[in-house]
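Presented below is the structure to which this report refers.
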Amino acid sequence: MRRVMRWIAPARRVVKKLTWFQCFLVLFLTGLSMFMLLPIIYLFNHAFKPASELFKYPPTFIVEHPTLKNFSDLLLASKNSIVPVTRYLFNNLISTSLTIGLSTFFSLLCAFALSKGRFPGKELLFSTIVISLMFAPETVQIPRYFVISQLGLINTYWAHVLPLVAMPVSVFLMKQFIDQVPNEMLEAARIEGANELRVLSSVIVPLSLPAVATVAILSFQGSWSNIETSTFFIEDETMKTLPFYVLTLTSGLSNSVARQGVAAAATLMMFIPNLIFFLLLQRKMIDTMMHSGIK
Amino acid sequence: MNATSLRHLLREMRANWLSYVFVAPFTIVFLLFIFVPTVAAIVLSFTSFNAIEPPKFVGLRNYINLLTQDTTFWMHAIPNTFKFAIIVGPIGYICSFALAWLITQLPSKSRVWYTLAMYAPSLTAGVAMAVVWIVIFSGDRLGYMNSILLELGIIQQPQLWVQDPKYLMNIMIIVSLWASMGVGFLAMLAGIQSVDKTLYEAGKIDGIKSRFQEIWYITIPSMKPQMLFGAVMAIVGTLRAGSISVELTGSNPTPQYAGHLLINHVDDYGFIRYEMGYASSISVVLLILIYATSRLCWRLFGTEGETKS
C-alpha cells in the first residue's frame, strides 16, 4: 500500500498543477494522437514482420517475432540490380541537404529585403510571390521539363534541387514573421554600426528562428520524399533518389502483396529521418518561441 | 517631368542596390521554375502539341473542346474535385486550427509530442501513404478493414475497398483528412503561441468571459496572417491533390473514374496520351480555379494590411 502511495504522490502533484480542462484535454488529445498514429505504428510493426506474420489470417497488428529480414532483403535485392540502394540514399542525402541550405538561405535573404527594404519593384515582387502561393507545380510539369532541359540540368543534382528551392511558401512565411520584428531594433543595430548582413544575421535570424526552422522542415519534407524530380527530370538510373526506388517497389502493391514487407521496410527508412528531423527542429521551434518571446 | 521622375527612380534603385542583391537569388529561381513554366503552359494551351512535332497554334480549340465535348471532365473530374475539395478543405482547416489551439493549452513540455502525433500523418504523404493504406484497405481477407468488419459481422464477404467506385472517393477523403494537419497546422501553431500574452489579460479586464470569446476576439484577430496562410495552403493542397487516387488504386484513370480529380485529368492527357496542348489547357483551368477560390478566402480572412505592405 505504501509503495503504491509512493508512486501515486508525484503523479498527483503533476495532476494538481493541471486544471480540469487540461486533464480532459490531455485525455482527449492522447486518444486522438493514438488514432492518428495508428497507421504509423502499423508501419513500424509491418517492417519487422517475418513473412509468416505478413500473410497470417486474421491479420495481426503488433509484430510477434520481429526480424530484420525485410531490411536485409531490401539491401540484397538491390545488390543484384544495377544500382545499389545506398546509391539512391546517397543521392537523396546530397539533394536534400542542398535543397534545405539553398532554400532557407534564399528565402531568408529575399524575405528580409521584402519585409524591411524599401526598393522600387518591391510591391510587384511580393504580390507575385503571394499569387504564386496558389501555384501548383503539378499542373505545369510539362513546361518545367522544357526549362530544365534547356538549362542542361537533366541528370544533375540541380534538377533535384532548384525546382524545389523555388518555394514561394517559404518566402511568404518568412516575411510574415520578419514583419513582426520591430523596425526600431534594426535601427538600433544600424546606429551601432552594423551593416545589412550583420543586421540580418544578428537581429533578424535570432528573432525569426521559428520561421527558419519551419522553412527548413518544409524544404526537407518537399525534397526528401519527392518523386516528381526523379520521374520527370532524371533519366540516368544512378541519379535517381530513394523515394523513386521505393515507388518501384510499391507500384505493384495494390494488386499483389508479395513484396509488402520489403516495401514497408523501405518506407520506414524514408519515414524515420522525416520523424527525427521534425522532432529536433520542432523542439527548437517551441523553445525559441518561449525564450525569444516574439510579440 | 518624366525624366526627373525616372532619374528619381534610378537614384532610389541605386540607393537600395543591396535589397536587389538580397532578392536576386530567389527571384531568379522563381522566374525560371514557376513564372516561365506557367506562362509556357498558358501559351501551350492554345496549341496542339505532342512533344515530338513543334507546337501548332490552334486558337481556342482546346478550351472549346474541354468545355463542350469532354464528358469525362464534366461528369467526373469537376464533380469529384468539388466534392473532394469542399469536404477536405474546410474540415481539414478547422481541425488544424482547433488542434493547434488545444495543443497550446497544454503545458509546453508535452506539446512536442502531441504536435508530432498530429503532424506525423502529413509526413507520410506520397510513398508511405501507399504502403500503409493499401494494406489496410486491401481487397482480400488479409486487409485490416475487411478482417475487422468480417469479424464484427458487418460485412459477409471481403470488399474491394479501393477498386470499388462506391467507396474510393470516401476513402480518399478520409485519408486526406487524416493527413491534413500539415503546413497550415504548423503555421497556426506558431501563430497561436506568438500571440501577445498581455492581450489575454487585457481582454479579461475588458470583460471576456469564456475561452471561445478569447479565441474569437483575441487569438484569431491577432494571428490573421497565419490564418490566411493556413486557408490558402488548405485550398491549394486540396485542389492540387490527385496523386492520392493513383496511389490508392495503382491506376490512372481510376476504376470508372470514381476518384478522377483534375490533376489526374491533366496527367491522363499529358503523360499517357501525349496531348500536351490539351493537358495545358486543363491545367490553366485548374490554376484559375485555385486562384479564384483563394481570392475568395482573401476576402474572408484577409486584412488590408497584408495585401498592401
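The values are calculated or read from the model by the stated rules, or taken from the named source; none is laboratory data. Just so you know, these numbers come straight off a predicted model, no measurement behind them. Cβ sites come from the backbone with ideal geometry, for glycine too, and all protein chains shown count toward neighbours.
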From A:Leu200, A:Leu218, residue being part of a helix (DSSP H, G or I) and modelled with pLDDT of 85 or more = A:Leu200
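Working carefully through the options B:Leu160, B:Leu168, B:Leu152, find the one that is farther than 25 Å from A:Asn274 by Cβ, exposed (fewer than 15 other Cβ atoms within 10 Å of the Cβ) and more than 7 Å from chain A (Cβ to nearest Cβ).
Unique residue meeting the criteria: B:Leu152.
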In the stretch A:156-167, anything facing chain B (nearest Cβ under 7 Å) and either more than 17 Å from A:Lys240 (Cα to Cα) or part of a loop (DSSP other than H, G, I, E, B) (or both) is listed as A:Val165, A:Ala166
Can you confirm whether the stretch B:264-275 contains a residue that is modelled with pLDDT under 80, within 23 Å of A:Thr231 (Cβ to Cβ) and surrounded by 20 or more Cβ atoms within 10 Å (Cβ to Cβ)?
-> no
Of the residues in the stretch A:62-82, those that are at pLDDT below 75, assigned to a loop (DSSP other than H, G, I, E, B) and among the hydrophobic types (A, V, I, L, M, F, W, C) come to A:Ile82
What residue, of B:Leu142, B:Leu149, is more than 17 Å from B:Val175 (Cα to Cα) and modelled with pLDDT of 75 or more?
-> B:Leu149
The listed residue being of a type in the set (A, V, I, L, M, F, W, C) and in a helix (DSSP H, G or I), out of A:Leu114, A:Leu153 | A:Leu114
Positions within the stretch B:96-148 being assigned to a helix (DSSP H, G or I), more than 25 Å from A:Ile62 (Cβ to Cβ), small (Gly, Ala, Ser) and touching a residue at least 12 places away in the same chain (Cβ under 8 Å), in sequence order = B:Ser96, B:Ala100
Helices (runs of 4 or more DSSP H) wholly inside the stretch B:230-309 containing at least 2 residues that are of a type in the set (Gly, Ala, Ser) | B:243-249, B:276-301
Can we say B:Phe229 is touching a residue at least 12 places away in the same chain (Cβ under 8 Å), under 23 Å from A:Lys175 (Cα atoms) and within 10 Å of another protein chain (Cβ to nearest Cβ)?
-> yes
Quick one: would you say B:Ile192 is within 12 Å of chain A (Cβ to nearest Cβ), in a helix (DSSP H, G or I), hydrophobic (A, V, I, L, M, F, W, C) and surrounded by fewer than 19 Cβ atoms within 10 Å (Cβ to Cβ)?
-> no
Inside the stretch B:1-90, counting only helices (runs of 4 or more DSSP H) that do not spill past its ends, which hold 3 or more residues that are surrounded by 14 or more Cβ atoms within 10 Å (Cβ to Cβ) and more than 12 Å from chain A (Cβ to nearest Cβ)?
-> B:61-68
Evaluate the stretch A:177-191: report whether one residue or more is of a type in the set (Asp, Glu), part of a helix (DSSP H, G or I) and surrounded by 15 or more Cβ atoms within 10 Å (Cβ to Cβ).
-> no
Checking A:Ala189 against (1) within 30 Å of B:Val236 (Cα to Cα); (2) in contact with a helix residue (DSSP H, G or I) (Cβ under 6 Å, 6 or more places away or on another chain); (3) not acidic (Asp, Glu), the condition it does not meet = (1)
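Quick one: is A:Phe126 more than 8 Å from chain B (Cβ to nearest Cβ) and of a type in the set (Phe, Trp, Tyr)?
In short, yes.
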Considering the stretch A:264-280 alone, what residues qualify as being under 14 Å from the mean Cα position of the chain (by Cα) and facing another protein chain (nearest Cβ under 8 Å)?
-> A:Met270, A:Phe271, A:Asn274, A:Leu275, A:Phe278, A:Leu279
Any hit, the stretch B:173-180, residues being modelled with pLDDT of 80 or more, at the interface with chain A (Cβ under 8 Å from one of its Cβ atoms) and either touching a Pro at 6+ places or on another chain (Cβ under 9 Å) or surrounded by fewer than 18 Cβ atoms within 10 Å (Cβ to Cβ) (or both) | yes
The one condition in (1) buried (at least 17 other Cβ atoms within 10 Å of the Cβ); (2) under 30 Å from A:Thr238 (Cα atoms); (3) at pLDDT 80 or above that A:Ser33 fails to fulfil | (2)
Residue by residue through the stretch A:18-61, note down the ones that are assigned to a loop (DSSP other than H, G, I, E, B) and within 26 Å of B:Leu177 (Cβ to Cβ).
-> A:Pro59, A:Phe61
